[in-house]
Amino acid sequence: MHLWERSLKIGAIAVLMVAGAAAPAHAEEVEQVLNGGFDNGVDPFWTNAGMTIGLTDGRACVDVPGGTVNRWDAAVGQNDIDLVAGETYRFSFDASGDAGHVVRAITGLAVDPYDTYFEQSPVLGDWQHYEWTFTANASTTQAQVAFQVGGSPDPWRFCVDNVSLVGGVPPEVYEPDTGPRVRVNQVAYLPDGPKTATLVTAATTALPWELRDRSGKVVKRGRSTPRGVDASSGQNVHTIDFSGYRHRTSGLTLSADGETSRPFDITSQVYDRLRADALKLYYTQRSGIEIRDDLRPGYARPAGHVDVAPNQGDGAVPCQPGVCDYTLDVRGGWYDAGDHGKYVVNGGISVWGLLAEYEHNRGSRKLNLAIPESGNRVPDILDEARWELEFLLSMQVPAGKPNAGLVHHKIHDQAWTGLPLMPHLDPQPRELHPVSTAATLNLAATAAQAARIYARYDRAFATRALKAARTAYAAAKAHPDLLAPESDGVGGGAYNDAKVSDDFYWAAAELYLTTGERKYAADVLAAPEHTTDVFGQVAFDWASTAAAAKIDLALLPNRLPGLSSVKSQVVKGADKYLAIQRQHPYGVAYAPANNVWDWGSNSAIANNLVVVAAAHRITGKDRYRDGLLTGLDYLFGRNALNISYVTGYGEVASQNQHSRWYAAQLDPSLPHPPAGTLAGGPNSSIQDPVAQSLLKGCTGQFCYIDDIGSWATNELTINWNAALAHLIGYVAELD
């Protein structure tokens with residue numbers, strides 16, 4: 001999704017060593033830390049003001065003051081450390097601290113902008129040895145090793161010894177734990193749906209398999225179907241089909257070739273829960289409002305970016321220098337992903353996903369999402385979507401100003417911040433970025449969509465939304481070539497898009513569906529996307545929105561001339577994805593060219609399945625229903641890594657998605673992402689340092705690691721969860 005984040009510059013693999021364990025020797029090892037054993041006093045280590053470092057039994061100790069806010073408010077460290085790009089380092093130390101306190105151990109830049117290169121946050125107690133390796137991808141003579149111990153309301157004591165940063169060590173060999181070789185949907189199969197699994201094996205002929213219930217009793221037997229070598233993983237695999245077993249039960253396992261799968265259920269009930277959880281993510285992604293503990297236990301935090309120090313706030317955000325001479329109140333909205341930025345083009349496709357879920361899956365209207373607005377006689381899903389819609393509306397240039405009616409592309413920090421960092425503690429200045437045609441059309445499309453949906457609940461809001469949509473569409477037609485630059489990626493994602501004809505098509509379609517006016521119908525019919533196949537390798541995303549237009553045109557009542565052709569195009573698109581799925585040994589409706597998996601491949605898979613779901617709505621044919629269910633199996637564990645990519649669902653699931661506030665991997669006092677959060681998934685380009693350090697040479701499905709530092713493979717985003725929620729909403733209504 002975003003080829004941008006730069007908060008962690010050096011990748012790492014954490015390998016905890018037991019106390020006293022010796023690291024393997026290497027001929028070229030060079031120690032970078034001076035006096036790390038404190039045999040000659042405490043120099044050249046330093047502490048923050050107000051702290052004194054002293055020796056106790058030969059160990060360096062500090063009394064950490066209470067009442068600090070951030071980890072870096074109290075620290076011990078050593079500067080002038082040399083790092084060489086491409087060299088592997090072993091960072092180790094012994095430490096103790098009052099039980100339950102955390103030390104953030106880092107290797108970072110000692111001067112502005114104070115980039116963090118490597119970090120781990122162990123929970124302290126009795127004396128313990130800690131050790132990790134990482135590979136540098138930058139060279140500097142101004143690095144530091146530091147132990148950040150602030151952030152506690154109470155004073156405590158921290159001691160450290162044998163601090164070492166050794167260069168020239170052999171890199172760790174990363175071998176993912178893929179568990180049993182029988183790969184299943186770890187969440188659940190529907191009782192009357194397809195039930196297939198994948199067996200990884202060296203065998204080239206059919207093998208017997210057995211399905212067992214919780215007691216170990218064999219309830220079904222069969223033989224596998226050899227599929228050969230799967231290009232997306234490099235594995236030789238077989239398919240196991242046990243669709244004939246339709247009993248609702250839990251704790252099933254599947255055995256073949258001496259391996260037994262992780263347990264799974266046959267039920268539909270779990271999808272009712274996941275449907276709500278996938279949408280509940282949005283509340284904890286909200287900006288500009290307190291997140292209440294009674295609504296989200298464990299996720300409470302103060303409102304972010306509401307002009308309360310240290311925030312510089314979103315109440316009166318100026319433009320970048322030279323862009324405009326006004327400020328806008330852009331409080332609210334959803335934080336886009338793992339950073340504190342808010343982006344109109346990604347917000348747009350995300351809002352479309354939620355509003356489409358409302359329009360196409362009627363059960364969503366009754367969901368209780370446990371948000372502050374619950375119980376106000378408006379469906380919770382619409383209250384949640386409105387939180388973002390109000391933000392999108394606020395990004396429109398006011399009347400009387402240059403570029404009136406156009407929409408600013410994004411708003412985010414002036415510079416990148418590190419991890420973890422709660423939204424209310426972000427000290428960076430905020431900036432509005434230039435207007436763009438794409439952002440303007442995103443507002444036109446979603447505001448038009450909102451106008452027809454909210455009319456029955458809040459006519460004044462619907463009227464305001466439609467007026468903004470008309471204004472935005474007219475402004476975009478007057479300025480059709482204002483493109484967001486690729487270079488605008490400091491402090492936030494660029495979200496550049498060189499093609500906006502699809503956005504014009506989408507906006508015209510939504511305006512037509514809402515108003516029925518001929519001028520919008522004419523623009524729909526004249527758009528090049530209207531008669532071309534828009535269902536490519538990835539059906540749609542924030543940069544390719546034509547499929548959203550076709551899906552809504554095909555599924556919502558309207559009198560567009562030649563509407564049957566639009567429906568046929570959607571069905572043909574679904575047929576394309578089903579053909580890919582049938583050829584894929586893991587049943588994935590996605591086959592990127594040259595096996596180069598995209599950033600956010602899980603979202604690409606989910607979006608392709610949205611098209612398949614639309615085809616089932618249009619035709620009622622079982623093959624589309626079955627294709628959708630088979631496609632979801634991949635996301636829930638039937639994949640090469642044997643992992644569910646949705647937090648909290650499946651025996652082994654992603655839980656360290658890249659985020660500044662769901663950051664338990666770095667700070668155990670913070671939570672993991674909420675249940676129902678979709679991880680980005682395999683990305684062959686492995687742009688982040690963690691992935692580059694550990695996944696070099698990876699094949700397709702193996703280009704993923706559940707590490708908070710891997711923003712290229714393991715990010716969470718609002719648009720990815722929109723697709724997940726849309727699909728699960730449909731599945732929940734199938735049974």
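The values are calculated or read from the model by the stated rules, or taken from the named source; none is laboratory data. Being a predicted model, the structure only gives us computed values, none of them experimental. Note: ideal-geometry Cβ built from the backbone for every residue, glycine included; neighbour counts use all protein chains shown. Ligands, DNA and RNA are stripped out before the accessible areas are found, and what is left, the full protein with its side chains, is counted by its heavy atoms. Shrake-Rupley method; radii C 1.70, N 1.55, O 1.52, S 1.80 Å.
Quick notes on this one:
- FRET efficiency for the pair Gln583 and Asp458, taken as 1/(1 + (r/R0)^6) with r the Cβ-Cβ distance and R0 = 45 Å, rounds to 0.40.
- Heavy atoms of Leu34: accessible area, 1.4 Å probe, square angstrom to 10: 110 Å²
- Helices of the chain meeting both criteria, an alpha-carbon length of 18 angstrom or more along the long axis and an average Kyte-Doolittle score not below -0.5, with helices taken as full DSSP H segments, are 344-360, 380-394, 437-454, 459-478, 501-515, 563-583, 601-619, 718-732.
- For region 356-401, the normalised intensity computed at q = 0.13, 0.19, 0.32, 0.34 Å⁻¹ comes to -0.38, -0.64, -1.14, -1.19 (log10 of I(q)/I(0), Debye sum over alpha carbons, equal scatterers, no solvent).
- Probe 1.4 Å - accessible area at Cys61, Å² to nearest ten: 10 Å²
- Charges were assigned to the Cβ only: +1 to each Lys and Arg, -1 to each Asp and Glu. The resulting dipole of the chain about its Cα centre is roughly 3860 debye.
- Other residues lying with their Cβ under 10 Å from the Cβ of Asp314 contribute a combined charge of +1, Lys and Arg counting +1, Asp and Glu -1.
- Backbone N within region 210-230 under 19 Å of label point (7 Å from Thr249 Cα along the Cβ vector): 210-223
- Of Cys698, Cys319, the order by accessible heavy-atom surface (1.4 Å probe, DNA, RNA and ligands excluded), from most exposed downward, is Cys698, Cys319.
- Inter-probe distance in nm under a simple model that places probes 7 Å from Cα toward Cβ, at Asp481 and Ala85: 3.6 nm
- Solvent exposure ordering (accessible area, 1.4 Å, most first) of Thr249, Thr260: Thr260, Thr249
- Considering helices alone, the calculated mean residue ellipticity of the chain at 222 nm is -8500 deg cm²/dmol, with DSSP H runs of length four and up weighted by -39500 (n - 2.57) and normalised per residue.
- Distance between the pseudo-spin-label points of Val378 and Arg518 (7 Å out from Cα toward the beta carbon): 3.6 nm.
- For a label point 7 Å along the Cα-to-beta-carbon line of Val218, residues of region 256-290 with backbone N under 20 Å: 256-264
- With every protein chain in place, the chain: carbon and sulfur % of accessible area (1.4 Å): 50 percent
- Label zone of Ala231 (point 7 Å out along Cα→Cβ, amide N under 20 Å): in region 686-726 this covers 686, 697-704.
- Principal semi-axes in Å for region 118-267 [√(5λ), Cα gyration tensor, largest first]: 48, 23, 13
- Solvent-accessible surface ranking, highest first, for Leu252, Leu393 at 1.4 angstrom: Leu393, Leu252
- In the context of the full set of protein chains, the chain has a per residue accessible area of 35 Å² (1.4 Å probe).
- Stretch gain in nm, segment Ser564-Trp46, where the contour uses 0.36 nm per residue and the Cα spacing is subtracted: 179.2 nm
- Note on region 157-279: antiparallel DSSP beta bridges, both residues inside, total approximately 95 percent of the bridges counted.
- With K and R counted +1 and D and E -1, the other residues having a Cβ less than 14 Å from that of Lys572 yield a net charge of +3.
- Using the Cβ-Cβ distance between Glu259 and Glu175 with R0 set to 22 Å, the FRET efficiency works out to roughly 0.80.
- Net +/- balance of residues flanking Lys410 in space, Cβ distance below 10 Å, scoring K and R +1, D and E -1: -2
- Anisotropy class of region 280-356 from Cα gyration tensor, a/c 1.5 cut: oblate
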